[in-house]
Amino acid sequence: MQIDLNTFADFALATFDFNEQFEDDAFAVRFEGVAVYVERKRTHFLLHVGMERHQLPR
């Protein structure tokens, strides 16, 4: 399972803090056919893509 993290980062930073669909502190989104579980932290988003975890600064 892989996604283009740069493309996902552009999507996330333009969407998650500005769309009421993503107002919860944890949610899932499907991107490029892959399920991504997202945890909203104060300074970053923690992304769970399969068994991998990535931090996306806010």
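Things worth noting here:
- Restricting the chain to GluC sites (Glu not before Pro) in coil, as DSSP defines it, with at most 15 other Cβ within 10 Å: 23, 32
- Applying 1/(1 + (r/R0)^6) with r as the Cβ-Cβ distance of residue 58 and residue 37 and R0 = 22 angstrom yields a FRET efficiency of 0.85.
- Rounded percent of accessible protein surface that carbon and sulfur make up, the chain, 1.4 Å probe: 47 percent
- Loop-located chymotrypsin sites (Phe, Trp or Tyr not before Pro) in the chain (DSSP state not H, G, I, E or B) with no more than 14 neighbouring Cβ atoms inside 10 Å: 18.
- Directionally averaged shadow of the chain, computed from the convex hull of its alpha-carbon atoms, nm²: 3.5 nm²
- The chain: calculated mean residue ellipticity at 222 nm from DSSP helix runs of at least 4, using -39500 (n - 2.57): -5500 deg cm²/dmol
The values are calculated or read from the model by the stated rules, or taken from the named source; none is laboratory data. Here the structure is a predicted model, which is why all the values come from computation and not from measurement. Neighbour counts run over all protein chains shown; Cβ positions are idealised from the backbone, glycine included. Note: areas computed on protein heavy atoms with side chains; ligands, DNA, RNA excluded. Shrake-Rupley method; radii C 1.70, N 1.55, O 1.52, S 1.80 Å.
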